[in-house]
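Read-outs throughout are calculated quantities, based only on the coordinates presented, and are distinct from any laboratory measurement. Just so we're clear, the structure is a prediction, and the values are computed from it rather than from any experiment. Don't worry about glycine lacking a Cβ; one is built from the backbone with ideal geometry, like all the others, and counts go over all protein chains shown.
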Amino acid sequence: MLVGKARPTDWQRPLPNLVRLWFARSESASVRLVELKVSTASQGGHAVVSVYGEVDLYTAPRLQAELASLVRDGAGRVVVDLSGVEFCDSTGMNVLLSAMKRLREHGGTLELASPRPAVRRILQVTGLDTVFSVHDALPALEGT
């Protein structure tokens, strides 16, 4: 046992250069602002919602607001074009599920179209590919 001088513990020892470099980069790196773009084309009781970007905790409210507006306006069929979505987390999936539920309560439907492989994989792993109607391509809407 050392008396008078304590031994440095692991957390007090100097970090290797590679670890110090990683910490320096992560502290100085700016957080990338991810934007979600949502646009809607409507005709009759049908709507196509095109989504571009990443759907997550921070961006999902934008999609939720657009879908809620369509429910309020009485859209009968909503197709969400996911071809521009790079990532969708559980928050985004919940927004889609909630919109589908609200549309069904009013006699409408919500369908998903053109999901990228990463989003399709999330749908498959969660079993949501059996809950939603998922199309490989954007379906034609009657009357458009």
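Give the percent of DSSP beta bridges with both residues in the stretch 36-135 that are antiparallel, rounded to the nearest 5. Write out the running numbers ahead of the final one.
Working: 8 of 25 bridges.
DSSP beta bridges in the stretch 36-135 are roughly 30 percent antiparallel.
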key: Positive minus negative residues near residue 92 (Lys, Arg vs Asp, Glu; Cβ under 12 Å)   = -3
request  = Counting other beta carbons within 10 Å of each Cβ, put 73, 129 in order, fewest first.
outcome  = 73, 129
